[in-house]
1. Has region 208-216 got any residue that is among the aromatic types (Phe, Trp, Tyr) and within 30 Å of Ala17 (Cβ to Cβ)?
2. Would you be able to say whether some residue in region 149-159 is out of contact with any helix residue (DSSP H, G or I) (no Cβ under 8 Å at 6 or more places or on another chain), under 23 Å from Lys208 (Cα atoms) and surrounded by fewer than 17 Cβ atoms within 10 Å (Cβ to Cβ)?
3. What about Glu120, is it acidic (Asp, Glu) and under 18 Å from Ala165 (Cα atoms)?
4. If I go through region 172-188 residue by residue, how many of them are within 12 Å of Ala137 (Cα to Cα) and within 14 Å of the ligand (Cβ to nearest atom)?
5. Report yes if Ala54 is more than 20 Å from Arg21 (Cβ to Cβ) and among the hydrophobic types (A, V, I, L, M, F, W, C), otherwise no.
6. Among the residues of region 88-97, write down those that are touching a helix residue (DSSP H, G or I) at 6+ places or on another chain (Cβ under 7 Å) and surrounded by 15 or more Cβ atoms within 10 Å (Cβ to Cβ).
7. Just the residues that are hydroxyl-bearing (Ser, Thr, Tyr) and either farther than 25 Å from Thr278 by Cα or under 17 Å from the mean Cα position of the chain (by Cα) (or both), please, taken from region 42-63.
Amino acid sequence: MSKPSVSFEFFPPKDLAGSFRLWDTLNVLAPYAPDFVSVTYGAGGTTRALTHEAVTTIHKSLDLKVAAHLTCVDATREETLAIAQTYADAGVKNIVALRGDAPGGGAFQPQEDGFQNSIELISALKFAGDFNIFVGAYPDPHPEAASAQQNIDYLKAKFDAGADAAITQFFFEADTFFRFRDACAKAGITQPILPGILPIENWTGARKFATRCGAHIPAWMDDAFEKAARDGREDLLATALATEMCSDLLESGVDHLHFYTLNRPELTRDICVALGLTPAVELAEVA
Ligand code: FAD
């Protein structure tokens, strides 16, 4: 099994305690030499300034490639493109271009003068400048997809509009990704599709989130986490499951893993170690 390249997703801190937590997370995970890290854009566009600050601070302070998430929610086309331009001006060329959802998780309501969907945003970014554009992809079809095929066709349309690579929503079984990868290849998609891995910090929370975003939950997982909770070994189970799934992915030709860290580095670190990645010197030791 070859060693993968990795990337890590963070969310922007909302307060001082959150800033320290993000710094700690970066400190633990940066030594695993990620290809890039990304910073989310709060649902409903609620963290516009915080995302910008986190992205530009990481870009300026650390030797890491950063991708800024950007959605179409609650902004005019001009406002959205202006945000992208501020990233370009700061030297950040990587954008994760998304449609987004309504604040509170409801159905997306496009503004009349805003981007109507992710494809419009991708096309505009491609036209506006020299961006490297990541997009979202859904191995378990997105809840709004009319069918599994339409889910793939829509991803193909995003690549045709100028996307460079896709990062998937998390999924719980490697076969889900393999089926999706095969269907994408059949549809003529040749660009990289990076599997998104969610280390399960908390099964109740992960389950709720999975239900909301349409990720299939295998029946055995409830049982497994219930038993693990009784013995206080949920972290061990989460690490073992994610490591096993990542190993299956790597053995079947995947060469990059994107981790949803939730700004908690321990499980992601343990999975990286279990996969054979060795840390370089920690940031704190360099400073
Ligand atoms: P799209 O791919 O544009 O749409 C999803 C699906 O809906 C399509 O595959 C298609 O089947 C259907 N669909 C949508 N529009 C149309 C249309 N006009 N015609 C026909 N079918 C259509 N959300 C945030 O708020 N902030 C973030 O930082 C964030 N980061 C994310 C990172 C990743 C890697 C992923 C996978 C998701 C992220 N999300 C984030 C969640 C995302 O905003 C939601 O999943 C949202 O519902 C879809 O956004 P999208 O750009 O992926 O959707």
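1. Looking through region 208-216, at least one residue is among the aromatic types (Phe, Trp, Tyr) and within 30 Å of Ala17 (Cβ to Cβ).
2. Looking through region 149-159, none of the residues is out of contact with any helix residue (DSSP H, G or I) (no Cβ under 8 Å at 6 or more places or on another chain), under 23 Å from Lys208 (Cα atoms) and surrounded by fewer than 17 Cβ atoms within 10 Å (Cβ to Cβ).
3. yes
4. 3
5. Against the criterion (more than 20 Å from Arg21 (Cβ to Cβ) and among the hydrophobic types (A, V, I, L, M, F, W, C)), Ala54 does not qualify.
6. Initial filter on region 88-97 (touching a helix residue (DSSP H, G or I) at 6+ places or on another chain (Cβ under 7 Å)): 90-92, 95, 97.
Ala90, Val92, Ile95, Ala97 - these are the residues of region 88-97 that are touching a helix residue (DSSP H, G or I) at 6+ places or on another chain (Cβ under 7 Å) and surrounded by 15 or more Cβ atoms within 10 Å (Cβ to Cβ).
7. The answer is Thr46, Thr47, Thr51, Thr56, Thr57.
Yes or no, residue by residue, for (1) polar (S, T, N, Q); (2) more than 22 Å from the chain's Cα centre (by Cα):
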site: Gln191; (1), (2): yes, no
site: Leu198; (1), (2): no, no
site: Phe209; (1), (2): no, no
site: Arg212; (1), (2): no, no
site: Asp231; (1), (2): no, yes
site: Leu241; (1), (2): no, no
site: Ser247; (1), (2): yes, no
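The values are calculated or read from the model by the stated rules, or taken from the named source; none is laboratory data. Just so it is clear, the model here is predicted, and its values are computed rather than measured. When we count neighbours, we look across all protein chains shown, and the Cβ atoms used for this are built from the backbone with ideal geometry, even at glycine.
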